[in-house]
Structure formats: C-alpha cells, structure tokens
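In what follows, a structure is listed as structure tokens, so that the remarks can point back to it.
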Amino acid sequence: MKVLVIGNGGREHAICWKLAQSKKVTHVFAAPGSDGISNEKVKSVSIPADHHAELMTFAKEEKIDLTIVGPEAPLVDGIVDSFNCEGLTTFGPSKAAAALEGSKTFAKEMMKKYQIPTASYEVFDNVEAAKAYVKQQGAPIVVKADGLAAGKGVVVAETEAEALNAIDQMMEEKAFGEAGSSLVIEECLRGEELSLMAFVHENTVIPMVPVQDHKRAYERDQGPNTGGMGAYSPVPHLENGWVEQAEREILRPMAEAMVKEKVPFTGILYAGLMITESGPKVIEFNARFGDPETQVVLPRMKSDLIDVIESTLNNVEMNVEWKQEACVGVVLASEGYPASYEKGVAVHIPKINDDIQTWFHAGLQEQEGHWVTNGGRVLLLSSLGKTIEEALSSTYHVLEKQQWDGLFYRRDIGHHVTSRR
C-alpha cells in the first residue's frame with residue numbers, strides 16, 4: 001500500500017521511519033517532508049501542509065491508500081474533512097473533533113461536562129477581567145492561550161506579576177496572534193507530568209506505552225516552555241496503576257464523550273497528564289502524535305504501525321506488542337529557542353549505532369552537501385537500552401563527543417528516574 005504522511009518535523013520523520021518497516025507498505029511519501037526524512041524508502045513531496053487541494057490532488061493521482069496527518073494546524077483547519085469528502089482514507093480527527101486541541105475552552109468544557117479530572121479554570125476574552133481573576137486567585141497559576149501556539153502558549157506563573165505579564169503578552173501584544181484572543185486561566189496542578197497517547201476510532205481505544213516529556217528549555221526544568229526538549233519511555237516511577245487509571249478515567253471517557261456529542265474522534269488522542277496526589281488530571285488534550293514523544297514511543301513498538309491503524313479503523317482493539325527496552329530521546333535546538341534564533345548554522349551529524357540509535361530530523365536542510373539549521377528544534381537522537389540509564393548513557397555518549405556550535409541540549413533528560421536511583 002501507499003501511505004502519505006503530512007508534515008516535516010521530527011514526529012513525521014519517526015512516523016515515516018516506522019511505516020517504512022512495514023511489509024504492507026510499498027511507498028511512503030512525506031509532504032512537504034525534508035532532506036532528512038527522505039531516503040531510499042521515503043520520498044518527500046514539496047507540497048506545504050496547508051495546501052489541502054494540492055495534497056488531495058496528489059493523493060488521488062498517486063492512488064494513496066492511507067494518509068496520516070502529523071501536525072495539529074491542518075487538522076484544526078479541516079484537512080481530514082476535505083480528504084474524506086473525496087473518498088480518501090485518512091487517519092486523523094475531523095475539524096470538529098480536532099477542537100479538543102484547537103480550543104482549550106472546548107476541551108475544558110468537555111471535561112467539565114463529562115467529569116474528566118482536570119484543573120479548575122475560568123475563560124476570559126477581556127484583559128481587565130483576566131487580571132482581576134489572577135489577583136483574586138493568586139499565584140502560582142497557569143495562563144493558556146485558547147488557540148494553537150505551537151506548544152508555547154502556556155505560562156506556568158509562579159508569581160502574580162508573571163501571570164499579569166503573560167496576559168499582556170497574549171492578549172495585548174498578540175504574542176501568539178489570534179490564539180491569545182481568549183485565555184484559559186486555571187489552577188496550578190502539582191506533581192509530575194506524564195504523556196499517554198492512544199489510537200482512537202469512535203469508542204475504540206488502543207493505548208500506547210506512557211512517556212515523560214521535558215518541556216522547559218533548560219536543566220532542572222528551568223526557563224520557558226518549549227515544544228519539548230527530550231523524552232523517555234517507560235516511566236517506571238509513575239506506572240504503578242496510574243496508566244490504567246488514566247485509560248479508565250480519561251482516555252476512554254473522552255472518546256465516548258465525543259461520540260455522545262456527535263463529533264466522534266478518529267486518530268491519535270494525546271492526554272497530557274499531571275500525576276497529582278489524588279491521581280491523574282488532564283493538563284491538555286492534543287489531537288495528534290506528540291513531539292518528541294513519538295520519537296521514543298515508536299522505536300519501542302514491535303507491532304506493525306499499519307496493523308494497529310487498520311485495527312483501530314475496524315474497531316478492533318488489538319494487543320499491541322512493545323519492546324522491553326527503554327528509549328530516550330534528546331533534542332538539539334538552536335540557541336535562542338523557543339524565542340528568536342539564527343538559521344543557516346552548519347551542523348555535523350556524528351555516526352551512531354544504527355542497531356539501537358536513530359537521528360530524527362526536525363529543523364535541518366541540506367545545502368551543497370552539508371547540513372544547516374532551518375528551525376528551532378533541529379535534531380533528536382533516540383537510543384534504546386535495557387534500562388533508562390543505559391539508553392541515556394548511549395545518547396549522551398554521542399552528544400558529548402563533539403561541540404555543537406549554535407545549538408544546545410539539556411543534559412538532564414530522565415532526571416526524575418536517575419535521581420531516584
């Protein structure tokens with residue numbers, strides 16, 4: 001079969017990499033893809049992810065059997081609806097269902113209505129009312145842009161001043177455009193974060209293995225929120241019953257709730273969780289594979305990704321096989337990320353052990369036979385190991401062997417595990 005993957009980041013590279021291993025797949029196309037994603041099994045097609053009509057034309061001309069949408073923006077813009085109207089099989093949510101990620105207000109209202117555990121909150125479209133609420137509630141408090149902001153529209157404010165500044169930046173200065181016209185302001189949950197993704201079609205839910213992401217830019221979880229600086233799976237200190245509880249109280253109820261609301265969900269349902277003293281609570285829902293979570297979850301998957309997707313679409317909850325090994329991924333990012341950063345910085349990619357390690361490309365392009373930066377998050381090195389520590393050692397052994405001019409990475413990915421041991 002022929003598969004089209006829409007997107008060009010590290011997440012899409014991981015999806016293409018996994019699809020290329022399937023005996024059922026003859027061709028994998030990535031649109032727009034990238035120089036790093038392309039190889040003898042994956043072909044990049046220079047059609048931007050927001051050019052829906054061109055993508056549909058390509059899918060029909062190439063007789064694409066399945067399209068997988070990687071990033072959130074095309075989903076929220078309704079690309080799945082367009083493809084489905086043309087009779088093209090697509091794995092992703094409709095525009096209405098993608099509102100779980102596209103509107104934090106919609107997601108919170110769904111959780112409130114169906115009693116899915118989450119932080120208490122209020123919604124504001126007025127600056128002064130938002131500030132008055134912050135002054136009334138005090139800090140710490142969380143300020144979120146309602147719409148899409150590439151994973152950066154969340155401020156965990158430890159002080160009242162920080163929260164008020166975040167409101168100004170989002171609503172007055174339009175730091176995230178129209179995404180910040182409305183804000184969700186919620187209580188600050190305490191605990192550890194855990195990401196749990198699942199393949200979903202209507203009431204069918206097939207959970208993946210849990211993963212922990214590191215969202216802050218710098219060591220010791222300092223600095224601004226990013227799209228993610230690294231991740232690891234499994235998460236041994238948080239898997240003692242929490243995962244089953246989250247599946248039972250969060251993933252399945254939300255899938256069922258979407259069916260009841262006549263906006264059934266198809267695709268990857270991502271629950272960003274906080275494991276609190278009273279159990280898992282939802283920080284956010286996403287409507288697609290996480291990044292960088294995908295780059296450590298898919299290397300652990302023994303089952304054929306196509307088999308899992310086909311089973312999901314056929315409402316069969318198959319038993320997915322997973323490797324016992326741990327997987328760790330560390331992101332190399334451009335200096336200055338997630339704020340402004342320079343592009344065109346030369347990057348040398350060292351050799352790795354291909355049996356257990358993979359470079360996933362995110363913001364690189366090839367120029368005259370050399371790699372140069374073209375984005376905020378540039379590369380992710382994923383490594384398998386018998387334990388988290390072994391996978392970490394393998395990853396950092398490669399990263400620490402050379403100097404990364406113009407780039408930076410966190411040296412404490414997985415510290416929640418290593419500090420306990």
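The values are calculated or read from the model by the stated rules, or taken from the named source; none is laboratory data. None of the values given here were measured: they were computed from a predicted structure. Glycine also receives a Cβ, built like all others from the backbone with ideal geometry; neighbour counts cover every protein chain displayed.
A few notes on this one:
- Matching residues, the range 54-77, being loosely packed, with under 15 Cβ neighbours inside 10 Å and touching a residue at least 24 places away in the same chain (Cβ under 8 Å): LYS60, GLU62, LYS63
- Where LEU298 falls short, out of the listed (1) buried (at least 22 other Cβ atoms within 10 Å of the Cβ); (2) outside the structural domain of MET208 (by TED's automatic domain parsing); (3) not charged (D, E, K, R): (2)
- In the range 259-269, of all residues being surrounded by fewer than 24 Cβ atoms within 10 Å (Cβ to Cβ) and either under 16 Å from the mean Cα position of the chain (by Cα) or among the aliphatic types (A, V, I, L, M) (or both), the one that is farthest from ILE116 (Cα to Cα) corresponds to VAL263.
- For the range 69-80, a residue qualifies if it is among the small types (Gly, Ala, Ser) and either assigned to a helix (DSSP H, G or I) or out of contact with any helix residue (DSSP H, G or I) (no Cβ under 9 Å at 6 or more places or on another chain) (or both), and exactly one does: ALA73.
- Of all the residues in the range 190-232, those that are part of a strand (DSSP E or B) and in contact (Cβ under 8 Å) with a residue 60 or more places away in the chain number 23.
- Of all residues in the range 119-162, those that are assigned to a loop (DSSP other than H, G, I, E, B) and closer than 24 Å to PRO71 by Cβ total 8.
- Sole exception among (1) touching a residue at least 24 places away in the same chain (Cβ under 8 Å); (2) of a type in the set (Gly, Ala, Ser); (3) surrounded by fewer than 13 Cβ atoms within 10 Å (Cβ to Cβ) for GLY329, by number: (3)
- Residue match in the range 211-228 (condition: of a type in the set (Val, Ile, Thr) and over 30 Å from SER311 (Cβ atoms)): yes
- Among the residues of the range 1-53, those that are part of a helix (DSSP H, G or I) and touching a strand residue (DSSP E or B) at 6+ places or on another chain (Cβ under 6 Å) comprise GLY10, GLU12, HIS13, ALA14, ILE15, CYS16, LEU19.
- Scanning the range 288-307 for residues that are hydrophobic (A, V, I, L, M, F, W, C) and either assigned to a helix (DSSP H, G or I) or under 22 Å from ILE64 (Cα atoms) (or both) yields PHE289, VAL296, VAL297, LEU298, LEU305, ILE306.
- Against the criterion of being out of contact with any Gly (no Cβ under 8 Å at 6 or more places or on another chain) and among the hydrophobic types (A, V, I, L, M, F, W, C), ALA149 does not qualify.
- Lone qualifier among ALA163, ALA149, ALA175 - being surrounded by fewer than 22 Cβ atoms within 10 Å (Cβ to Cβ), over 29 Å from ALA255 (Cβ atoms) and of a type in the set (A, V, I, L, M): ALA175
- Set GLY227, GLY267: member being of a type in the set (Gly, Ala, Ser) and at positive phi: GLY267
- Extreme residue, farthest from ILE15 (Cα to Cα), among residues of the range 81-113 that are free of Cβ contacts under 8 Å to residues at least 40 places away in the same chain and assigned to a helix (DSSP H, G or I): LYS112
- Total residues in the range 241-268 satisfying the condition of being out of contact with any helix residue (DSSP H, G or I) (no Cβ under 8 Å at 6 or more places or on another chain) and over 22 Å from ILE413 (Cβ atoms): the figure is 17.
- Under the condition of being of a type in the set (Gly, Ala, Ser) and crowded, with 23+ Cβ neighbours inside 10 Å, the residues counted in the range 372-404 number 3.
- Check on TYR133, of a type in the set (Ser, Thr, Tyr) and more than 29 Å from HIS237 (Cβ to Cβ): yes
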